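Enquirer: Can you keep this structure in mind? I'll have questions shortly.
What follows is calculated from the coordinates using simple rules that are stated; it is not laboratory data. Computed from a prediction, not measured in an experiment: that's the story for all the values here.
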Amino acid sequence: MNKGAIFLSGSVPERELHRFVPEPVAIREAIRALVAETVRDRMLVFGGHPAISPLVEHAARELNATDNVIIYQSSYFEKKIPDVAKKFRNLRWTREDPAGRDPSLTLMRTEMIHSTPFDAGFFIGGMEGLLEEWDIFSKRDAIPVFPVASTEGAARILWQNWTPNNLPNAPADLKTRLSQDLQYRLLFRDLLT
C-alpha cells in the first residue's frame, strides 16, 4: 500500500440537537463513497461512532478490504459498542480516563489522530465530537482537511469558515463542490488524486 492513510470524522447528528441539523442520506452516501475511494489502496482511520461503524464495515466488506480500516474505540465504551465494531481486525482500544466519558473520548481522538501520517481528513455530518476532531486534526502539519458541508451537521458549520489554504492544486470551485456536490465518489476521487 503506497498511498497515505485517510482520516474520517463523521457521525449522524441527533435530530433533537437543533444546532446540528443532519442530512442522514447524504451522510450515508458520503461515507460509503469515501470507503470505496480509499480502502482498496489506503488505510482508512476513524473513531467508531455507532451510526458510522456499520456503514464503514459493510462498505469495506463489500470490497474485501476490512483489513484496510482502523477503528478506534475508547475503553469507556467497551461494554456498549455495537457488535459490528468488533468485526474489524484493526480495532484499537484507548484507555478510559477516570474523569469520565468526555475526557475518555478526547484521549481516544488525540491518540487516533496522532497515530499515523495522514494524506487528508474528511469531515462528514457530525456533532461536537467532529468539531473536537477538527481542532485536533487541524493542528497537525499542513494536512488537507475537507468539511463535506452537503452532509450538514457540524461539517456545515466548519465549512462556513473554511478556506482551502494548503491546497495549491485545488479546483477553484472546491468550496462550492463540498457544499453542493452529491456525487461523492467523483468528488472524493478528484480530491484524492
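Enquirer: Could you name the lysines whose alpha carbon sits less than 30 Å from that of Lys87, not counting residues in the same chain fewer than 8 places away?
Expert: Partners found: Lys3, Lys79.
Enquirer: How big is the C-alpha Rg of region 88-193 next to the rule-of-thumb value 2.2 N^0.38 Å, as a ratio?
Expert: 1.16
Enquirer: How would you classify region 3-81 from its alpha-carbon gyration tensor, with a ≥ b ≥ c the square roots of the eigenvalues: rounded for a/c under 1.5, else prolate if a/b is greater than b/c, otherwise oblate?
Expert: Oblate, because a/c is 1.5 or more while a/b does not exceed b/c.
Enquirer: Taking Cα atoms of region 134-193, Rg/Rh with Kirkwood Rh, to two decimals?
Expert: 0.93
Enquirer: Mind checking which of Ser138, Ser11, Ser74 has the largest fluctuation in a GNM of the chain, springs on alpha carbons under 10 Å?
Expert: The residue that fluctuates most here is Ser138.
Enquirer: Also, quick follow-up: Counting only DSSP beta bridges with both residues in region 14-192, tell me the antiparallel percent, nearest 5.
Expert: 5
Enquirer: Radius of gyration and Dmax for the chain's Cα atoms, expressed in Å?
Expert: Values for the chain (Cα only, Rg and Dmax): 15.4, 47 Å.
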